[in-house]
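Any read-out appearing in this document is the output of simple, stated calculations on the displayed coordinates, not a laboratory observation. What you are looking at is a predicted structure, and each value in this text was computed from that prediction instead of being measured. For neighbour counting, all protein chains shown are included, and Cβ atoms are generated from backbone atoms with ideal geometry for every residue, glycine included.
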Amino acid sequence: MQTFQTLRSYVLPLAAGMAAWMFTAAATAQSDAAWPTRPVTIIVPGAPGGTIDIPIRLLAQKLSAQLGQTFIVDNRAGSGGIIGTQAVLRAPADGYTLLAGNIGPQAINYSAYKNLSYQPSDLTPITDIIAFPNVLVVNAQSPIKSMADLVAQLKQHPGELSFSSAGIGQTTHLMGELFKMRTGTDAIHVPYKGSTPATAALLAQETTFQFDNLTQALPHIRSGRLRALAVTATQRAPSLPDVPTMEQAGFADHVPTIDQAGFADLVSAAWIGIFVSAKTPPAIVSQLETQLLKIMHDPDLRSQLQQMGGTPGGQTPARFATFVASEREKWRDVIRASKITLD
């Protein structure tokens with residue numbers, strides 16, 4: 001009898017503990033499946049009003065309306081997107097802090113920085129939101145009217161003229177560096193914390209040229225404040241049908257010291273996508289996938305993104321993950337070949 005009571009004294013607490021654990025696990029799973037039950041923050045590693053910021057604010061509005069919860073956009077600009085990425089990884093991995101990842105911090109940085117505080121395995125890609133080429137622009141008041149004019153000016157004033165970028169390691173920076181290499185010219189790189197201040201500097205004629213993000217530059221091109229010389233795409237952008245590609249502009253302008261292979265390298269497409277911490281519970285990741293893919297097929301949102309000069313996303317998580325991996329490899333090869341070190 002005593003043995004039974006002793007055994008009972010061990011078994012009952014253990015059973016109670018197991019029941020409590022199972023209840024907690026079930027409640028957690030149910031809570032995860034019900035995501036979101038409170039406001040969600042989307043961290044944008046760029047400045048307010050910038051190329052990353054505007055599409056994400058459109059997305060946040062649609063998600064808020066669709067899910068009945070507030071989606072807050074939190075701008076964490078600086079360090080080529082590292083600050084924003086770190087903020088997401090420091091937050092609880094509960095699906096309530098999302099990252100508006102992009103080509104800089106989620107592709108280029110892995111090769112550009114020797115000591116990076118995060119790795120690709122730290123994040124789970126969900127889907128892409130928008131992609132767009134860069135556009136080579138100058139101030140409309142500038143005497144530079146073509147790529148040949150720009151190259152001529154750079155050769156006449158080596159190391160004196162400058163180009164602005166959205167930050168170290170962004171495509172707006174690397175395209176400028178590649179352009180210098182392919183044309184045998186030199187210019188001062190002036191990095192800013194985001195595309196908005198970088199474009200503002202060009203509008204104020206503080207810099208000479210810029211490989212601006214198309215969505216950021218398009219309103220200024222249409223208003224006549226910026227002059228577009230070429231787009232960094234294999235085909236002309238539908239929003240700028242009269243602006244040649246880099247290859248077309250180079251051949252048409254007979255740009256010296258650059259061959260056909262060099263033109264082929266002057267192609268890039270920036271992209272934005274949603275990522276979460278890799279530690280996020282699978283049930284929440286599944287909810288994110290479902291809701292984001294649904295919203296990315298919304299005709300109104302897709303129309304708004306197209307009006308910005310971009311191509312709307314909506315890839316499945318598997319396809320987006322494969323794409324992101326290919327982008328890491330592409331820019332790794334470019335950075336090694338160009339011998340660019342950013343830290």
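Counting DSSP beta bridges with both partners in the stretch 65-216, what percentage is antiparallel, nearest 5?
Numbers: 5 of 11 bridges.
Once the DSSP bridges in the stretch 65-216 are tallied, antiparallel ones form about 45 percent.
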Per GNM of the chain with C-alpha springs under 10 angstrom, the most fluctuating residue out of GLN306, GLN106, GLN156 is GLN156
Averaging sequence separations of C-alpha pairs under 8 Å and six or more residues apart, then dividing by the length of the chain, give the relative contact order as a whole percent. 25
Which of ILE129, ILE188, ILE52 ends up with the largest GNM mean-square fluctuation for the chain, with Cα atoms connected below 10 Å? ILE188
With springs only between Cα atoms under 10 Å, which of PRO312, PRO39, PRO244 fluctuates most in a Gaussian network model of the chain? PRO39
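Counting other beta carbons within 10 Å of each Cβ, put SER64, SER268, SER303 in order, fewest first.
The order, fewest Cβ neighbours first, is SER303, SER64, SER268.
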Measure off 7 Å from each Cα along the Cα-to-Cβ vector at HIS157 and THR290, then give the distance between these two points in nanometres to one decimal. 5.9
Beta bridges per DSSP with both ends in the stretch 133-265, % antiparallel, nearest 5: 60
Looking at the chain, send over the antiparallel percent of its DSSP beta bridges, to the nearest 5. 60
Go ahead and estimate [θ] at 222 nm for the chain from helices alone: -39,500 (n - 2.57) per DSSP H run with n ≥ 4, summed, over the residue count, rounded to 500. -14500 deg cm²/dmol
Compare the Cα positions of GLY309, GLY80, LEU67 along the charge dipole of the chain (+1 at Cβ of Lys, Arg; -1 at Cβ of Asp, Glu; about the Cα centre) and return the one farthest towards the positive end. LEU67
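Any idea what the relative contact order of the stretch 133-265 is, in percent, if you count C-alpha pairs under 8 Å spaced at least 6 apart? Write down the numbers at each step before the final one.
Numbers: 239 pairs, mean separation 46.4, N = 133.
Answer for the stretch 133-265 is 35 percent.
If you take the square roots of the eigenvalues of the alpha-carbon gyration tensor of the stretch 133-265 and sort them as a ≥ b ≥ c, do you get rounded (a/c under 1.5), prolate (a/b over b/c) or oblate? Working shown, then result.
On the way: a/c = 1.37, a/b = 1.11, b/c = 1.24.
Since a/c stays below 1.5, the shape of the stretch 133-265 is classed as rounded.
Dipole size in debye (nearest 20) for the chain around its Cα centre, Lys and Arg Cβ +1, Asp and Glu Cβ -1? Mind dumping the intermediate values first?
On the way: 25 positive and 24 negative charges, 103 e Å.
The calculated dipole for the chain is roughly 500 debye.
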Starting from the Cα of LYS114, draw a straight line to each of the lysines and keep only those under 24 Å, dropping any in the same chain fewer than 8 residues away. LYS180, LYS193, LYS330, LYS339
Taking a virtual spin label 7 Å from the Cα of ARG336 along the C-beta vector, which residues in the stretch 110-151 bring their backbone nitrogen under 13 Å of it? 111-112
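Let me know the shape class of the chain, please: from the alpha-carbon gyration tensor, a ≥ b ≥ c as square roots of the eigenvalues, rounded when a/c is under 1.5, otherwise prolate if a/b is greater than b/c, or oblate. Intermediate results must be reported in sequence, preceding the final value.
Working: a/c = 2.99, a/b = 2.30, b/c = 1.30.
Judged from the Cα gyration tensor, the chain comes out prolate (a/c at least 1.5, a/b above b/c).
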